[in-house]
1. Scan around Asn427 for amide H atoms under 5 Å from its own, H built in the peptide plane at 1.01 Å from N, and keep only partners 5 or more places away or cross-chain.
2. Under 5 Å between amide hydrogens, which residues at least 5 positions from Val352 or on another chain qualify, with H placed 1.01 Å from N in the peptide plane?
3. Separation of segment 423-500 and segment 23-83 by C-alpha centroid, Å?
4. I'd like to compare 243-250, 34-41: which one has the highest average count of other Cβ atoms within 10 Å, and what's the full order after that?
5. How charged is the neighbourhood of Pro33? Take every other residue with its Cβ under 11 Å from the Cβ of Pro33, and add Lys/Arg as +1 and Asp/Glu as -1.
6. Could you give the distance between the Cα centres of segment 353-382 and segment 277-348, to the whole Å?
7. Charges only on Cβ, +1 for Lys and Arg, -1 for Asp and Glu: so what's the dipole of segment 359-500 about the Cα centre, in debye to the nearest 20?
8. Under the rule of at least 5 residues apart or a separate chain, name every residue whose amide H is placed under 5 Å from the amide H of Ile335.
Amino acid sequence: MPTIGYMSGLRPNVLLITLDQFRADAMSCAGHPLVRTPNLDRLAAAGVRFARHHSQAAPCGPGRASLYTGMYQANHRVVANGAPLDDRFDQVARLMRRAGYVPTLFGYTDQSLDPALADGPEDPRLHTYEGVLDGFEVEAALFQGCAEWLDWLRERGHDVPAHTGHRPDHDVVIDVLAAEPERPADHSISAYLTNRFIDWHATGTRPYEPWFAHLSYLRPHPPYAAAGRFSTMYDPADTGEPHPIPERRHSYHDLVLAVPEATAPADPSELAHMRAQYFGMVSEVDHQLGRVWDHLVATGQWETTMIVLTADHGEQLGDQGLQEKLGYFPSSYHIGCIVRDPGRPDAHGSTVDAFTENIDVLPTIAEAVGVPVPLQCDGFPLTPFLDGSTPAHWRRAAHWEYDWRSVYTLMGVAPQWPWDRRLERANLAAVRTEDHLFVHFGDGSQWCLDLAADPGGSVVVDDPVLISSLAGQMLTWRANSLDRRLAGMLTLDGGIGRTP
């Protein structure tokens with residue numbers, strides 16, 4: 001099929017892919033000694049891999065809020081799963097609608113409704129953290145108990161519990177996901193989502209009309225159980241050792257080590273099994289991505305489709321004695337990112353070592369489809385890197401934030417306003433430079449690690465001069481990232497709205 005469309009000057013198709021909880025190092029093209037990812041490698045060879053890409057928040061809801069809005073958590077204020085996203089913010093689905101696309105979702109976005117838009121306190125949308133970002137049309141849902149996937153499994157002869165439409169379905173889904181090793185890999189949740197995308201793409205779009213799809217995979221998110229043959233793909237004995245718990249650590253580290261859900265298995269064999277299953281999940285979703293690439297090639301749209309692949313956050317995988325994603329630990333925020341823009345072939349196959357962030361994704365997509373970058377965005381377009389150049393004034397550090405006030409909220413802590421700011425102390429902000437990680441906590445404490453000396457975080461920096469310099473960098477970052485949507489407008493010549 002001849003290539004027309006994007007290469008002829010029309011707008012590209014855009015495929016935004018997220019892998020949930022995807023570590024940056026879990027790719028063979030990133031140098032991992034064990035995990036095999038031939039299709040991620042294939043995308044990297046045909047695009048640009050961003051080796052120092054970072055998420056701006058964890059867990060899923062906050063991380064995705066930054067991805068979808070291009071904003072730091074300090075500005076969008078989605079501080080936990082279930083914290084609402086303010087409706088006044090722009091975001092990727094609305095931006096793409098302005099550009100003339102029909103945003104189509106496969107998976108989930110985990111964004112909670114702004115209460116101002118609710119139909120009273122009993123509005124069911126206020127009772128879930130799995131809300132859909134406004135502007136998306138849902139083609140395949142991985143939320144509300146994953147009912148569609150469970151029905152799909154039943155049609156294939158699997159005995160899975162009935163869907164009830166209530167919160168207990170969450171536990172059912174966890175159990176069904178944990179049983180993925182017992183079913184064929186072709187019946188995985190990743191296979192289901194890929195099938196739905198390919199079927200929609202084959203029948204639901206007209207050739208050469210630009211489309212925008214968000215393919216939001218669950219894996220390699222826990223439970224740590226890879227599908228079918230991928231569950232035995234890696235020998236636990238070969239999975240390597242995570243970064244150990246440092247002897248000298250911040251009190252916050254001790255706090256989370258006391259939380260069972262956050263603590264990695266202490267038994268070495270259980271830990272190795274967990275790591276083997278995680279790598280198996282990565283390879284399984286990589287296999288499904290290969291099906292997507294093949295489909296785009298077969299339908300003549302590989303050269304007309306911009307692909308942006310990233311994650312909402314990372315995974316500890318035993319590093320510092322922890323699992324899942326939390327705190328200030330780099331493994332929770334250093335994520336994989338590959339961008340293929342077929343209209344910018346000069347940099348294809350290259351790797352970018354500059355610090356990039358998930359807030360850069362929305363500006364990049366905006367430039368690709370020819371709409372202005374929203375003024376709210378804290379990120380910058382990655383377009384120069386896609387052209388093979390490095391902007392002269394690019395950032396020299398990565399930044400992320402973590403807020404754990406929800407722990408206290410669930411415990412029933414009810415601060416008395418306006419003076420009680422206890423919950424505002426339950427947060428941190430981190431800056432990761434070339435050699436150091438500096439963390440400022442909401443209670444005023446600070447922590448600094450020399451990651452050049454030990455990426456595992458065992459070398460604590462006590463040098464007051466260096467700490468002062470890093471604290472200054474963080475303050476400057478905060479000052480440069482303040483909300484600017486209305487700040488640049490002045491009342492001049494009879495009206496508000498003129499930007500100097």
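Bear in mind these aren't lab numbers, they're just calculated from the coordinates by the rules spelled out. Fair warning: this is a prediction, and the values are worked out from it, not measured in the lab. Using ideal geometry, Cβ is built from the backbone for each residue, glycine included, and neighbour counts are taken over all protein chains shown.
1. Those lying under 5 Å, H to H, from Asn427 are Trp404, Gly442, Asp443.
2. Arg49, Phe50, Ala51
3. Answer, in whole Å: 20.
4. Working: 243-250: 15.4, 34-41: 19.6.
For the peptides 243-250, 34-41, the packing ranking is 34-41, 243-250.
5. -1
6. That distance is 18 Å.
7. 500 debye
8. Ala24, His53, His54, Ser55
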